[in-house]
2 protein chains.
Amino acid sequence: VEGIDMAIAGEDADEMWLRHSVMADRTKHQTFCVNVDATGEDAVSLRLRSEIVQWLGASLVSDPSRATVILRTLTDHDIAGRGLTFDGAAANEGWHIHIPTSGQPVIIESPSTRGLLYGFYAWLEGTPNAAEEKTVDVTSCPDQPIRMLDQWDQANGSVERGYAGESIFFGRWGSNVHSEFVSFPQRGEYDVFRGDVDRLVAYTRYCASIGLNAICLNNVNVRGYAIRFIQDPWLTRIAQIAHIFESFGLKVFLSVNFAAPRILSGLSTVDPCDPAVQQWWNEMVDHIYERIPGFGGFVVKADSEGEPGPYQYGRTHTDGANMFAHALAPHGGIVIWRAFVYNSHTDWRDRTAQADRARAAWENFHDLDGQFASNAILQVKFGPIDFQTSEPLNPLFFAMKHTNVIMEFEITAEYLGHQIDLNFPLPQWEHMASWPVEEGADAARALSRHALNPRLTGFAAVANVGMDWSWTGNPLAQANFFGYGLFCWNNHVPVSRVSLQWAQLTFPDCDDEHQHTIAHMLDQSNEIYAQYTAPLGVGFMVNRDGHYGPGPDDYEFSRWGTYHFADRDGIGVDRTQKTGTGYAGLYPEDQARQFEDPATTPDDVLLFFHHLPYSWQMKDGRTLLQRIYDDHFDGAARVDDVIRDWKSCASQIDERRREEVSRRLTAQQADAREWRDEICTFLYRFSGIADEHGRKISD
Amino acid sequence: VEGIDMAIAGEDADEMWLRHSVMADRTKHQTFCVNVDATGEDAVSLRLRSEIVQWLGASLVSDPSRATVILRTLTDHDIAGRGLTFDGAAANEGWHIHIPTSGQPVIIESPSTRGLLYGFYAWLEGTPNAAEEKTVDVTSCPDQPIRMLDQWDQANGSVERGYAGESIFFGRWGSNVHSEFVSFPQRGEYDVFRGDVDRLVAYTRYCASIGLNAICLNNVNVRGYAIRFIQDPWLTRIAQIAHIFESFGLKVFLSVNFAAPRILSGLSTVDPCDPAVQQWWNEMVDHIYERIPGFGGFVVKADSEGEPGPYQYGRTHTDGANMFAHALAPHGGIVIWRAFVYNSHTDWRDRTAQADRARAAWENFHDLDGQFASNAILQVKFGPIDFQTSEPLNPLFFAMKHTNVIMEFEITAEYLGHQIDLNFPLPQWEHMASWPVEEGADAARALSRHALNPRLTGFAAVANVGMDWSWTGNPLAQANFFGYGLFCWNNHVPVSRVSLQWAQLTFPDCDDEHQHTIAHMLDQSNEIYAQYTAPLGVGFMVNRDGHYGPGPDDYEFSRWGTYHFADRDGIGVDRTQKTGTGYAGLYPEDQARQFEDPATTPDDVLLFFHHLPYSWQMKDGRTLLQRIYDDHFDGAARVDDVIRDWKSCASQIDERRREEVSRRLTAQQADAREWRDEICTFLYRFSGIADEHGRKISD
């Protein structure tokens, strides 16, 4: 079919970090033994056995004395007796690995079958590193109990903000049209499922191999047939997918439409306090659990960007969330309620607090602290706007002291270059997770400290995969997915360790030097992208046609509340308490004081907090404008270096990946230069101030 | 079907200026006689008879002595003997009407059956006005021999730049989704024709009633099944449509894809100088004329905005056009070649002549003068850019001295408010047609003077109708269609006469005062819209998402060559010879001199020709910036007056039209205020100069 890149089921399974040939080679002389007497066999232990035998083709025996790798679950008694330490809210999912220097078997242990699976993949992936000549004994537990992926996949086969082809869950067999929003003819009349089981198994393996334990299958904007996923016969197909994920230890969630009772059953209201509505959801949830006993629960985007919600009925977000929580509680399910609520019809003329979108999540939710049910979770984007290159921590993370909270990230590169421009966001994510929140706790750690149920906090992130042969469009964007998993597990894992491990697993034929080169390309990519795009935390300057490339004024007169207020004198958003929107005052006193004064505000969020004259003197003595010019010239030039680095690896990379990455780097180079030129000219036309170094800026 | 406004075939026929009940009432006591002995019966005379008998239900007799209205064709001998004067290249299509004071029959005469039909409708529409107490004797001939509509209708049922619903030609029975670009399932596999014959007859009647004589059925961007319209079986359906139009005196044209020989028959080249390609078109044309003996010919957009063309083969536009002309000549057909050719990948950094889109048509075509075949026509947009609110005349109209030329207009309100904002463009069109071109000839008159064949010049315009009940979305936008026809016939027809005649025909139940009110609303609407949108001829400041509403910087860093270059000091495009792109020098010496100096450049194109400081002193003493501020506040305020005018007519207008227009005026009011505020703030942020009158401009 013209224009269609035919994709064969499962054939691309091997294109990420678990290369079957390498893993099979690594295990072909091993004999495994799995002993789960301490916990009993379950779907996960059966999957573990199947991974050994069916995926790897390795030997599995019952007698541990014949094994070279022993996997076994531990009782509390075992743990205490051995003096092992499994820490934190997710201690149950941790593992202990013992690698002897010689002769003796490798031992992988965990309190749970799920932990055993994680330990198994960790060992396969070379963690802990056993290259040194001594016995290794490592215990590792995840920092976050919930480590979740949000698929923004849609029933019509497209993926909102997807840059890697169609959905791997929905759409037509063999179809892979690259378009974010498209209409596909459907198989039969209602069958929206792709049915590519082999691919889903491979995907789930990747998820489990980096420690993820939850997934929401469909976009938070729930439209079309996706509204019906909670009903038969769609639910039957959802259950088939759920069973795959459950066997790899991932809980499955669905996004639901708040107005479903009206849309599906014609109820006259969807008021969350109306008994008929509550009853509708109770019965719906009961039915879901009949089909999927291990179902995770719901993700809900309500009263946001045009979606229906409790505000329409004069109710609060807790009224809405708790209705779902109540229905889910008898089954051990949870509701995840998104805090991404703001007025998406802002008047750009209004520069007061009320129009400051950065305040919105805080304004909508801080009063509700303590009122969410114990099986409800508030999902809060890391920053107050929307996954820009540079934002301060969302102040809601300070306000919610008696609420389960998930911190949300975006793996898919919506504002970060669409997986065309290289951008490994781990440095930014860790910066957010490490933001000091209170004595002895950064943002990541504070989550469980203030949770009503410490097991119901964690991270969630929008996934970045699709039907592309490389799964992620740009093969190097696989690292972002990989890195997200390791970051959930260890919120402070060294960035360069992650990038190097990914490069080693993904490019096993590269020598050590070039694996380091690839890791280095990744490590600096997030900073480079931030340099050549919107400056110093000022936010939206992105092209509004899909969010790729520059559009310096594209949102300046829009309804989305995302303005930079550039004029002939200066640029930036005044969010101080004294003269601005007061947003800075939402932080604890010490941070509020720091952000109130441009002299003490960190450079990366300087224009997020302040409207400053172009002549403003930065900490290093440069003017604000010169700093912006320098960043943009420097950022664009560094892309040339990245291209040179990639070329240096060329001879050791297979042609398909080499060329795919090269094409994208060339596009990134053009993108970076366009950003550089548009931003510099845009500000030059306002300021009339030339570059101090005499570089060409168009007038 | 949800979201679908079901439209019944032909039911909206009566919603424009020929209201059946009024016309039938006007003719019910008349007895008609049609005598075409001088020319012989043809499809048109049969249609005239059918209009009298079948459409109006009036009496038709053979004996002129029994008739109260006699329609008859004239021989040259009759004309000379009677001392009548039929002038110009289209003299044959003119009419003479004699209205006696009493008793005697009305006489409508013409050298042709087509002219008889025009005279018949003119008389029905009250032209000439017979209300006065004396004998009327009027002869009228069209100023332009070709008076054409270009439908931008697409095979999938959508209309490019259409703001009145789906195509009346293509799409599905009963469907009317409002969207400019959509994909429709097709009936059968290939049947893209709507088949709403009653509606097409009604449409054709409207066309003939205002003197139009040519139509191109499909969009100049020829895609999908439209490429196949020249082939069976699609051609059969095209022929059915053509026969309707021909019976009303309209020649039917098709837009063709230059690459059709490759796409349809797999030829390896479409080089216009390749004998195989020429042969392919010769045979294709022969076949079309077998099916449609009166076929008009082709419209071709080549080498423009991504369309294929002769440049790909190192050939010229005349090579391309003359290939088609040669194929069409044996059948009396013509090719209409669009001059809308420009580099649509302009670098915004380049402010030199080569990047000046205004120069493009001139650069591409002026050298080709005299080289086009005598049955080829060059179709040139009135201005050098693209139907903006204010442009100078395209300099090609000066350069083509030995070429058949059509001047192109756009009825559909692409840049003029999408038929939401009220905008009756006749004043702008007449300003363009009246542009002095040489001694004794304005632009309109010069066309035939420099034509190789004086009968092959004229006007063409993009149509503005669709499946909406009112045909044009906004019922008042019917006036634009009506006005276009009268303008083609009389290039200097008084604007207020047209608007009043339209109001009288369309609102027969309104009293005279309110018909004048409606006419007045129309008359000033073009000026009002120009006031509150992009200032003083500066061009593109329109929202790029479909061209409705403001987007002051939306095209500033785009590839389309449409820039305003606003900065902290000034705004506008320097197109002078001395310091700019030299475009002003493309005009004859006196005009070039006038445009070279901002002091002598007309205000409405001031920023088209000059980049001026905000402090520039206008002819009336105001600064440039103050003039822009004043225009925008004034324009927006005048919309309030228009709304008040419409309300004053409310009691005399039927509810459907009253409410439809009211809704659109309310939307226009919001649009005008948004334009005012965005443009004023945009320039205030650059200039830092407040409004002298202290009106509020957001910072």
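Kindly provide the set of residues from the stretch A:44-77 that are assigned to a loop (DSSP other than H, G, I, E, B) and over 29 Å from A:ALA242 (Cα atoms), ordered by number.
Selection gives A:SER62, A:ASP63, A:ALA67, A:THR68.
Does the stretch B:452-472 contain at least one residue that is in a helix (DSSP H, G or I) and surrounded by fewer than 22 Cβ atoms within 10 Å (Cβ to Cβ)?
No.
Just to be sure, is A:GLY546 at pLDDT 95 or above and within 14 Å of another protein chain (Cβ to nearest Cβ)?
Judged against the criteria, A:GLY546 is not a match.
Does the stretch A:280-294 hold any residues that are open to solvent by less than 20 Å² (accessible area, probe 1.4 Å) and not in a loop (DSSP other than H, G, I, E, B), and which are they?
A:TRP281, A:VAL285, A:ILE288, A:TYR289
For the subset of the stretch A:32-82 comprising residues that are in contact with a Phe, Trp or Tyr (Cβ under 9 Å, 6 or more places away or on another chain) and free of Cβ contacts under 8 Å to residues at least 24 places away in the same chain, which member is surrounded by the fewest Cβ atoms within 10 Å (Cβ to Cβ)?
A:VAL53
Quick one: B:GLN524 ticks every box in (1) over 19 Å from B:MET432 (Cα atoms); (2) at pLDDT 95 or above except a single one, so which number is it?
Of everything listed in (1) over 19 Å from B:MET432 (Cα atoms); (2) at pLDDT 95 or above, B:GLN524 misses just condition (1).
Somewhere in the stretch A:348-361, is a residue more than 25 Å from A:PHE409 (Cβ to Cβ), open to solvent by 10 Å² or more (accessible area, probe 1.4 Å) and of a type in the set (Ser, Thr, Tyr)?
yes
Residues in the stretch B:364-372: is at least one open to solvent by 50 Å² or more (accessible area, probe 1.4 Å), away from chain A (no Cβ under 14 Å) and in contact with a Ser or Thr (Cβ under 7 Å, 6 or more places away or on another chain)?
Yes: one or more hits.
Scan the stretch A:98-114 for residues that are touching a Pro at 6+ places or on another chain (Cβ under 9 Å) and over 11 Å from A:ILE70 (Cβ atoms) and jot them down.
The one that is touching a Pro at 6+ places or on another chain (Cβ under 9 Å) and over 11 Å from A:ILE70 (Cβ atoms): A:ILE99.
Answer yes if at least one residue in the stretch A:14-30 is within 25 Å of A:ILE79 (Cβ to Cβ) and either more than 30 Å from the chain's Cα centre (by Cα) or not in a loop (DSSP other than H, G, I, E, B) (or both), and no otherwise.
Checked against the condition, which is being within 25 Å of A:ILE79 (Cβ to Cβ) and either more than 30 Å from the chain's Cα centre (by Cα) or not in a loop (DSSP other than H, G, I, E, B) (or both), the stretch A:14-30 yields no hits at all.
Select, from A:GLY333, A:GLY320, A:GLY297, the only residue that is surrounded by 18 or more Cβ atoms within 10 Å (Cβ to Cβ), at positive phi and in contact (Cβ under 8 Å) with a residue 40 or more places away in the chain.
Just one listed residue meets the conditions, A:GLY297.
Look at A:ALA302 and say whether it is part of a loop (DSSP other than H, G, I, E, B), of a type in the set (A, V, I, L, M, F, W, C) and open to solvent by less than 10 Å² (accessible area, probe 1.4 Å).
Criteria met by A:ALA302.
Identify the residue in the stretch A:689-699 that is small (Gly, Ala, Ser) and more than 8 Å from chain B (Cβ to nearest Cβ) and, among all such residues, is surrounded by the fewest Cβ atoms within 10 Å (Cβ to Cβ).
For the stretch A:689-699, the residue satisfying everything is A:GLY694.
Assess whether A:HIS564 counts as being away from every other protein chain (no Cβ under 14 Å), closer than 15 Å to A:GLY539 by Cα and surrounded by 21 or more Cβ atoms within 10 Å (Cβ to Cβ).
Judged against the criteria, A:HIS564 is not a match.
Please verify whether the stretch A:407-425 includes one or more residues that are part of a strand (DSSP E or B) and in contact with a helix residue (DSSP H, G or I) (Cβ under 8 Å, 6 or more places away or on another chain).
Within the stretch A:407-425, one or more residues are part of a strand (DSSP E or B) and in contact with a helix residue (DSSP H, G or I) (Cβ under 8 Å, 6 or more places away or on another chain).
Would you mind telling me which numbered condition in (1) buried (at least 22 other Cβ atoms within 10 Å of the Cβ); (2) closer than 25 Å to B:TYR555 by Cα; (3) not hydrophobic (A, V, I, L, M, F, W, C) B:GLN379 fails?
(2)
Which fully enclosed helices (runs of 4 or more DSSP H) of the stretch B:575-688 have 1 or more residues being surrounded by fewer than 21 Cβ atoms within 10 Å (Cβ to Cβ) and more than 14 Å from chain A (Cβ to nearest Cβ)?
Fully inside the stretch B:575-688 and qualifying: B:589-596, B:624-649, B:655-687.
Can you find, within the stretch A:176-227, the residue that is modelled with the lowest pLDDT among those that are in contact with an Asp or Glu (Cβ under 9 Å, 6 or more places away or on another chain) and of a type in the set (Lys, Arg)?
So, considering only residues that are in contact with an Asp or Glu (Cβ under 9 Å, 6 or more places away or on another chain) and of a type in the set (Lys, Arg), the one modelled with the lowest pLDDT is A:ARG194.
When you go through B:THR623, B:THR601, B:THR681 one by one, which is the residue that is of a type in the set (Ser, Thr, Tyr) and over 30 Å from B:ALA353 (Cβ atoms)?
Step by step, each of B:THR623, B:THR601, B:THR681 is checked, and only B:THR681 is of a type in the set (Ser, Thr, Tyr) and over 30 Å from B:ALA353 (Cβ atoms).
The values are calculated or read from the model by the stated rules, or taken from the named source; none is laboratory data. In this text, all values refer to a predicted model and were calculated from it rather than measured experimentally. Quick reminder, even Gly has a Cβ in these numbers, built from the backbone with ideal geometry, and neighbours come from all protein chains shown. Surface areas here come from the heavy atoms of the whole protein model, side chains and all, with no ligands, DNA or RNA. Shrake-Rupley method; radii C 1.70, N 1.55, O 1.52, S 1.80 Å.
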